[in-house]
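*Asks:* Let me give you the structure first, and then I'll get to my questions.
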Amino acid sequence: MDQYTAKLAEYTNIVVNSKYIFEVTKCCGYSEFVAEFKSATLQDLHKSVHAQFFHNNYLELYVTNINEKLIIPNDDTLLNTFINNNRDFFRPLYPIPATVVYKICFNDSCCHNINDENV
């Protein structure tokens, strides 16, 4: 078990150093962590979110700050460049000393009005 614990800690350190960690949140509030290489493109991020959430349709990924919503394009822009150019939208979600995690949102049309008869 000690070997397993050591390998898991080593893997976690590699992930933290080589990937961004995102908490991807659906409109209903459900969320999961998605890790993506810092050298990846925005298109790679979209593919990872699609795969992790088993989603085949178009997803509008976005980030928000207090007053604005920023759509994350599905293109070949480098993830690292996009984050660095939009620092007002990419702030650590959890207080330090926690690993830096950024929040990304998407609406997959799963949310319904509580008064909707089709719920």
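*Asks:* Cβ-Cβ distance below 8 Å, separation of 6 or more or different chains: which pairs start in region 36-65 with a residue that is farther than 15 Å from Tyr102 by Cβ and end on one that is among the hydroxyl-bearing types (Ser, Thr, Tyr) and modelled with pLDDT of 95 or more?
*Replies:* What qualifies is Thr41/Thr77.
*Asks:* Identify, please: which residue in region 92-119 is at pLDDT below 95 and charged (D, E, K, R) and is, among those, nearest to the chain's Cα centre (by Cα)?
*Replies:* For region 92-119, the residue satisfying everything is Asp108.
*Asks:* Taking region 52-62 on its own, how many of its residues are within 14 Å of Asn74 (Cβ to Cβ), surrounded by fewer than 18 Cβ atoms within 10 Å (Cβ to Cβ) and at pLDDT 90 or above?
*Replies:* Looking only at that region, the number is 2.
*Asks:* Looking only at region 73-85, which residues are within 27 Å of Asn13 (Cβ to Cβ) and either surrounded by 13 or more Cβ atoms within 10 Å (Cβ to Cβ) or among the acidic types (Asp, Glu) (or both)?
*Replies:* Leu78, Leu79, Asn80, Phe82, Ile83
*Asks:* A further question follows. Any idea which residue in region 31-48 is farthest from Cys105 (Cα to Cα), counting only those that are assigned to a strand (DSSP E or B) and among the charged types (D, E, K, R)?
*Replies:* Step by step, filter region 31-48, then rank; the result is Glu36.
*Asks:* Among the residues of region 50-71, how many are over 16 Å from Ala35 (Cβ atoms) and assigned to a loop (DSSP other than H, G, I, E, B)?
*Replies:* Number of matching residues: 11.
*Asks:* Answer yes if at least one residue in region 39-48 is of a type in the set (Val, Ile, Thr), closer than 15 Å to Lys19 by Cα, surrounded by 12 or more Cβ atoms within 10 Å (Cβ to Cβ) and modelled with pLDDT of 95 or more, and no otherwise.
*Replies:* Scanning region 39-48 turns up at least one residue that is of a type in the set (Val, Ile, Thr), closer than 15 Å to Lys19 by Cα, surrounded by 12 or more Cβ atoms within 10 Å (Cβ to Cβ) and modelled with pLDDT of 95 or more.
*Asks:* Mind listing just one residue for me: the one in region 1-36 that is within 16 Å of Leu61 (Cα to Cα) and β-branched (Val, Ile, Thr) and, of those, surrounded by the most Cβ atoms within 10 Å (Cβ to Cβ)?
*Replies:* Step by step, filter region 1-36, then rank; the result is Val24.
*Asks:* Check whether at least one residue in region 12-22 is closer than 14 Å to Ile72 by Cα and either in contact (Cβ under 8 Å) with a residue 24 or more places away in the chain or touching a strand residue (DSSP E or B) at 6+ places or on another chain (Cβ under 6 Å) (or both), and report yes or no.
*Replies:* yes
The values are calculated or read from the model by the stated rules, or taken from the named source; none is laboratory data. None of the values given here were measured: they were computed from a predicted structure. When we count neighbours, we look across all protein chains shown, and the Cβ atoms used for this are built from the backbone with ideal geometry, even at glycine.
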